[in-house]
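Encoded as structure tokens, the structure appears first; notes follow it.
Values in this text are rule-based calculations from the coordinates and carry no lab data. On a predicted model such as this, the values are computed, not experimentally measured, just so you know. Neighbour counts are summed over all protein chains in view; Cβ atoms, including those assigned to glycine, are modelled from backbone coordinates with ideal geometry.
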Amino acid sequence: MKIGTCVTLSPPEELRASLSVLRENGFDSCQLMAWEPALWTQENAAGTKELLQEYGVTVSAFWCGWEGPKVWDFYDGQLTLGLVPPEYRVQRIRNLCDGADFARLLGITDVVTHMGFIPENPNDPNFGSFCVAVRTVAEHLKGNGQFLLFETGQESPVTLLRCFERVGCDNLGVNLDTANLILYGKANPVDALDVFGRYVRNLHAKDGLYPVNGHDLGRETRIGEGKVDFRALFVRLHELGYDSYVTIEREISGGQQLRDILDAKAYLEKLILEIYGGNALC
């Protein structure tokens, strides 16, 4: 099991600086966060691959963004996020397929994204058409030998599972964001593993609090200051046989972000060694 953090895909010199900071602070893995399709070129793939090899960094997953508006709340989020809004769907299918092709050039097999507020009513016509869109992307990734991972949060665990069943592709997986299920008021992440635990292929280690009004998400916190029970989480992951990447995500900026990430790294390393045993972080 490797503990990493998030790195934003950027032009070569910016990426070099990010990877240097990553290694200086004891990390050798990351999720590559990519929201700019203009960077998804063969030339940039070659340069990115060289930098990753130079710094000895393994990319656990490619976090693929999409074009168009995005509002992270309970009202406009319903209308703007992921593949759910029909008016943005064709463009975003193209974005996800293009991003996956770029990731394939880097040798990355797991492609992660937010799918949006998936309708909880399976009889909603938008649920069926959404699942067709997911199948289109999943089949493209299947041709690349890749998995399509849903980052948790905007949908309840059973809605996510129902979507997987309706889509019917064997290359669907979960990027479990431990805080998002709480921030969106959808579930406790430990209990959610009873529903979709067998699909978890990657993990965002993040903490937060439940919403306190019907419009805004809950507040993200430092790990250990929110509602995530990380000990219970890793005990359950161990029971499920999870032995893959743990990616720390802290969605603030500046020096405090790095300090919080390093505190989280120390905390998680200690916890994982206690639960998984002495060779867990090899």
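What's the exposure ranking of TRP40, TRP72, going from fewest to most Cβ atoms within 10 Å? Walk me through the intermediate numbers first.
On the way: TRP40 20, TRP72 16.
Ranking TRP40, TRP72 by Cβ neighbours within 10 Å, fewest first, gives TRP72, TRP40.
Just check the stretch 28-162 against the gyration tensor rule for me: Cα atoms, a ≥ b ≥ c as the square roots of the eigenvalues, rounded for a/c under 1.5, and otherwise prolate or oblate depending on whether a/b exceeds b/c. Don't skip to the answer; put the middle values down first.
Values: a/c = 2.00, a/b = 1.96, b/c = 1.02.
Taking the square roots of the gyration eigenvalues as a ≥ b ≥ c, the stretch 28-162 is prolate.
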- Please list the non-local residues whose amide H lies under 5 Å from the amide H of MET33, H modeled 1.01 Å from N, same-chain partners needing a gap of 5 or more. VAL7, THR8, LEU9, TRP63
- Treat each spin label as a single point 7 Å out from the Cα along the C-beta direction, and report the LEU105 to GLU36 distance in nm. 1.5 nm
- Query: Amide H to amide H under 5 Å from LEU149: which residues, 5+ apart in sequence or cross-chain, H placed 1.01 Å off N in plane?
  - Reply: VAL111, VAL112, THR113, GLY173
- To the nearest 0.05, what FRET efficiency results for ARG16 and ALA280 with a Förster distance of 35 Å applied to their C-beta separation? 0.70
- Sequence of VAL57, VAL235 once ranked by neighbouring C-beta atoms within 10 Å, starting from the fewest: VAL235, VAL57
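Specify whether the C-alpha gyration tensor of the stretch 220-281 places it in the rounded, prolate or oblate class, a ≥ b ≥ c being the square roots of the eigenvalues: rounded for a/c under 1.5, otherwise prolate if a/b is larger than b/c and oblate if not. Don't skip to the end; give the middle numbers.
On the way: a/c = 2.33, a/b = 1.81, b/c = 1.29.
It is prolate, given that a/c is not under 1.5 and a/b is the larger ratio.
Is there a quick way to get the dipole size of the chain? I mean about its Cα centre, with the Cβ of Lys and Arg at +1 and of Asp and Glu at -1; what is the value in debye to the nearest 20? Don't skip to the answer; put the middle values down first.
Details: 26 positive and 38 negative charges, 70 e Å.
Roughly 340 debye, rounded to the nearest 20.
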- Message: I'd like the Karplus ³J(HN,Hα) series for the stretch 201-216: coefficients 6.51, -1.76, 1.60, θ = phi - 60°, whole numbers in Hz, and an x wherever there's a Gly or Pro.
- Response: 10, 7, 8, 9, 7, 8, 10, x, 10, 5, x, 10, 8, x, 10, 10
- How large is ³J(HN,Hα), in whole Hz, for each residue of the stretch 251-268 in order, when computed from phi with the Karplus curve 6.51 cos²θ - 1.76 cosθ + 1.60 and θ = phi - 60°, using x for Gly and Pro? 8, 10, 10, x, x, 5, 4, 5, 4, 5, 5, 5, 5, 5, 4, 4, 5, 5
- Query: Along the charge dipole of the chain, Cβ charges K/R +1 and D/E -1, which of GLY185, ASN202, TYR55 sits furthest on the positive end?
  - Reply: ASN202
- Which order do ARG198, ARG89, ARG166 fall in if you start with the one that has the fewest other Cβ atoms within 10 Å? ARG198, ARG166, ARG89
- Linear extension gain, VAL235 paired with GLU87, 0.36 nm per residue minus alpha-carbon span: 49.1 nm
- Item | Inter-probe distance in nm under a simple model that places probes 7 Å from Cα toward Cβ, at TYR210 and ARG23 | 4.5 nm
- Note on the structure: Pseudo-spin-label distance SER129 to GLU225, built 7 Å along Cα→Cβ, given in nm, is 4.3 nm
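Provide the three semi-axes, in whole Å and in decreasing order, of the ellipsoid equivalent to the stretch 3-276 as defined by the square roots of 5 times the Cα gyration tensor eigenvalues. Walk me through the numbers before you get to the answer.
Numbers: eigenvalues 137, 116, 63 Å².
Values for the stretch 3-276, descending: 26, 24, 18 Å.
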- Message: Cut-off under 15 Å on the C-alpha distance; same-chain residues fewer than 8 positions from LYS227 excluded. Which aspartates and glutamates are left, in chain and number order?
- Response: ASP177, ASP191, ASP207
- Note on the structure: Convex hull around the C-alpha positions of the stretch 75-155: the volume in Å³ per residue is 85 Å³
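Using helices alone, what [θ] at 222 nm do you get for the chain, with -39,500 (n - 2.57) per DSSP H run of 4 or more residues, divided over all residues and rounded to the nearest 500? Write down the numbers at each step before the final one.
On the way: 10 runs with 126 residues, N = 282.
That comes out to -14000 deg cm²/dmol.
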- Give the distance, in whole Å, between the Cα centre of the stretch 79-138 and the Cα centre of the stretch 203-265. 25 Å
- Message: Students often forget the sequence filter, so: which lysines lie under 26 Å Cα-Cα from LYS49 once same-chain residues fewer than 8 apart are removed?
- Response: LYS2, LYS142, LYS265
- Please report how far the C-alpha centroid of the stretch 183-201 lies from that of the stretch 1-53, rounded to the nearest whole angstrom. 28 Å
- Query: Along the stretch 161-173, what does the Karplus equation 6.51 cos²θ - 1.76 cosθ + 1.60 (θ = phi - 60°) give for ³J(HN,Hα), rounded to whole Hz, x for Gly and Pro?
  - Reply: 4, 4, 4, 4, 5, 5, 5, x, 9, 8, 10, 9, x
